[in-house]
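The values are calculated or read from the model by the stated rules, or taken from the named source; none is laboratory data. It should be emphasised that the depicted structure is a prediction, and the values quoted were computed from it without experimental measurement. All Cβ positions, glycine included, derive from the backbone under ideal geometry; neighbour counts span all protein chains shown.
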Amino acid sequence: MPNEAHNQAEELLPWYATGQLDQADRTLVETHLATCARCRSKLSAERLLIDEFQLVSPEIDGGWVRLRSRIEDRQRARFSIGGALAGFWHLLTRPAVATLATAQIGFLILAAAVLQSTSRPNYQAHGVPEAAAAANVIVKFRPESREADLRGALEVSGASLVGGPTAADAYLLHVPADSRQSALAKLRADTNVTLAQPIDGPAS
Amino acid sequence: MSVQGAARRPHSNAPRSSGLEESELIERVRGRDLHAFERLYRIYQPRLARFLFNLVQRPQLVEEVLDDTMMVVWETAGNFRGTSKLSTWIFSIAYRKAIKARARWPEPVHEEPFDARVSLDPAPDEQLQHQQLHDALISSMSKLSADHRTVVDLTYFHGMGYREIAEVMNCPVDTVKTRMFHARRRLRDAMSGSMADWI
């Protein structure tokens with residue numbers, strides 16, 4: 001029946017156009033196309049549409065760092081305090097409650113600032129400028145980072161280690177005030193660094 | 001008269017790897033190799049993001065469902081036996097997660113158009129024509145149902161055959177064909193004037 005053959009071939013045209021038909025389906029479509037100008041025209045439209053689809057793409061955040069943190073948090077929860085807190089931590093890290101995560105970072109920075117103010121020594125060694133000992137940046141590294149990775153990040157950014165690790169596995173660094181922005185940019189570009197924030201207020 | 005012509009190769013913009021490489025990666029993921037999982041994630045993230053955006057149409061929900069999907073892959077990689085393609089397995093997980101996520105948002109979904117990534121052609125007339133077609137496609141896609149958008153996207157962008165799509169969506173192959181048929185009809189109606197002789 002010509003109509004039935006036409007309908008079957010028409011249904012399969014999208015997958016014929018993308019090369020996703022098996023031999024039997026392909027033969028069915030090609031036999032029909034040889035005699036149906038209308039379906040040949042539709043095939044051209046299919047190919048135009050496929051080309052257009054290649055240019056349409058939603059902009060979605062990468063998110064590997066977020067997912068890796070979730071995996072690591074889950075692993076830590078399993079090996080330390082069991083799975084009881086994992087669900088809660090999972091909830092905290094979901095995008096829908098991202099504001100809570102932001103608050104966590106804010107708390108971390110605040111805690112580091114308090115730590116910095118309470119742990120700064122009241123004396124100063126001769127020949128050591130005070131600025132060299134004052135932390136003005138807090139960083140966190142990926143848990144699997146090695147000591148050489150930490151040293152590399154410090155050298156590239158021109159930062160010096162002031163303290164840490166804190167209870168949250170963060171480190172306090174000092175970077176020269178006049179190169180703070182570029183140092184922060186270099187730290188944030190480092191794949192071993194998961195957080196780099198100033199703790200002495202916005203740059204002047 | 002030749003009726004064949006070259007088949008279009010979908011998902012040309014998406015990072016891909018060979019089947020062999022993917023099978024090696026999933027094997028290493030089974031052994032809890034986080035670096036292998038990162039590579040797998042980077043292969044699938046763009047494809048899943050696009051697929052999920054079509055389904056749920058909320059960027060924030062896309063991130064959440066994508067993360068949930070890849071967590072299932074990480075946690076249950078040992079369950080993947082290789083009886084289907086790895087992509088089919090991962091996309092079917094994503095589809096189920098997306099359907100559940102949509103159920104949590106019962107209010108009508110705000111239809112956000114795709115963000116467009118264009119374009120190549122410097123010729124003004126051609127570019128204008130191309131842009132009109134592009135805009136019409138974006139607008140028309142947003143008017144389709146989620147199931148129709150899913151079948152269209154899996155076919156045209158992800159290059160899946162109708163049997164694989166049926167596996168992802170857990171439905172009969174005839175349902176896939178019917179959905180595609182009606183989706184194309186609706187695209188034709190929505191794009192009338194932008195695409196002469198379309199279907």
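Data table
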quantity: Looking only at the stretch B:143-165, and only at residues there that are without any contact (Cβ under 8 Å) to a residue 40 or more places away in the chain and over 17 Å from residue A:13 (Cα atoms), the one that is farthest from the other protein chains (Cβ to nearest Cβ); calculated: B:145
quantity: Some residue of the stretch B:122-133 being surrounded by 13 or more Cβ atoms within 10 Å (Cβ to Cβ), of a type in the set (A, V, I, L, M, F, W, C), within 24 Å of residue B:179 (Cα to Cα) and modelled with pLDDT of 80 or more; calculated: no
quantity: Test result for residue B:74, modelled with pLDDT of 90 or more and within 10 Å of chain A (Cβ to nearest Cβ); calculated: yes
quantity: Residue within the stretch A:6-19 that is in a loop (DSSP other than H, G, I, E, B) and among the hydroxyl-bearing types (Ser, Thr, Tyr) present; calculated: yes
quantity: Members of the stretch A:1-41 found to be within 7 Å of chain B (Cβ to nearest Cβ) and touching an Asp or Glu at 6+ places or on another chain (Cβ under 7 Å), listed by number; calculated: A:14, A:17, A:41
quantity: Residue list for the stretch A:52-71, filter: β-branched (Val, Ile, Thr) and modelled with pLDDT of 75 or more; calculated: A:65, A:71
quantity: Test: residue in the stretch B:177-199 that is part of a helix (DSSP H, G or I), more than 12 Å from chain A (Cβ to nearest Cβ), crowded, with 23+ Cβ neighbours inside 10 Å and modelled with pLDDT under 95; calculated: no
quantity: Residue selected from the stretch A:145-204 under the condition more than 23 Å from residue A:69 (Cα to Cα), acidic (Asp, Glu) and at pLDDT 80 or above, by the criterion surrounded by the most Cβ atoms within 10 Å (Cβ to Cβ); calculated: A:155
quantity: In the stretch B:132-173, the residues that are aliphatic (A, V, I, L, M) and not in a helix (DSSP H, G or I); calculated: B:144, B:160
quantity: Which numbered condition residue B:83 fails, given (1) modelled with pLDDT under 90; (2) more than 23 Å from residue B:143 (Cβ to Cβ); (3) part of a helix (DSSP H, G or I); calculated: (3)
